[in-house]
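Worksheet for the structure shown next.
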Amino acid sequence: MAMRDDRESEFQDKLVHINRVAKVVKGGRRFGFAALVVVGDQKGRVGFGHGKAREVPEAIRKATETAKRTTMRVPLRDGRTLHHDVTGRHGAGRVVLRAAPPGTGIIAGGPMRAVFETLGVQDVVAKSIGSSNPYNMVRATFDALSKECNPRMVASRRGKKVSDIVSRRRDGSALGED
């Protein structure tokens, strides 16, 4: 049991959005709450969850449990930024994520910032295009992060050595001149 508590404490959770909804009944209004939570271990694992309940703390707890169940691993370069630029979309929400040099920081809007902080990214530039709905922005960000791959994955897919791919990136010859 103690081991499970250790595993849970390694995750940092961030509340992204709470939505209050009202159901009109005979005696008045009955309120419910929906919570959107992002969790991550700040070492490349991140997940998000959505929970609904009559009270806020219960909705947050449900969302956090769902988020912990749906974590995914994202490859990071030097543990601080993305390997390459990537776009993601969900519904009308589109996001563009760009790798950044050291010292840039997290330049991203609210819901995306929460994802990057819990993921452990320190340098990234992100832009949300289209929907500003937090649910769609978070889902679009996760769509983009799922497309992220490291040089080892690319090398194995193309049947090349990692050194061929990485060295081409550094000297600038992979920018479309060939």
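Brief remarks follow.
- Residue check, Thr81 touching a residue at least 40 places away in the same chain (Cβ under 8 Å) and open to solvent by 70 Å² or more (accessible area, probe 1.4 Å): no
- Single unsatisfied condition, Pro101 versus (1) touching a residue at least 40 places away in the same chain (Cβ under 8 Å); (2) assigned to a loop (DSSP other than H, G, I, E, B): (1)
- If only residues of region 16-39 that are under 27 Å from Gly109 (Cα atoms) and over 23 Å from the mean Cα position of the chain (by Cα) are counted, the one that is most open to solvent (accessible area, probe 1.4 Å) is Arg20.
- Filter result (modelled with pLDDT of 95 or more and open to solvent by 80 Å² or more (accessible area, probe 1.4 Å)) within region 40-55: Lys52, Arg54, Glu55
- Selection status of Arg152, of a type outside the set (A, V, I, L, M), open to solvent by 50 Å² or more (accessible area, probe 1.4 Å) and touching a helix residue (DSSP H, G or I) at 6+ places or on another chain (Cβ under 6 Å): yes
- Region 105-128 - residue that is open to solvent by 20 Å² or more (accessible area, probe 1.4 Å) and assigned to a strand (DSSP E or B) and, of those, farthest from Arg80 (Cα to Cα): Ser128
- Condition broken by Glu58, with the remaining ones in (1) closer than 17 Å to Val39 by Cα; (2) surrounded by fewer than 19 Cβ atoms within 10 Å (Cβ to Cβ); (3) within 16 Å of the chain's Cα centre (by Cα) satisfied: (3)
The values are calculated or read from the model by the stated rules, or taken from the named source; none is laboratory data. Treat the numbers as computed from the prediction; the structure is a model and nothing was measured. For neighbour counting, all protein chains shown are included, and Cβ atoms are generated from backbone atoms with ideal geometry for every residue, glycine included. Side chains included, ligands, DNA and RNA excluded: accessible areas come from the protein's heavy atoms. Shrake-Rupley method; radii C 1.70, N 1.55, O 1.52, S 1.80 Å.
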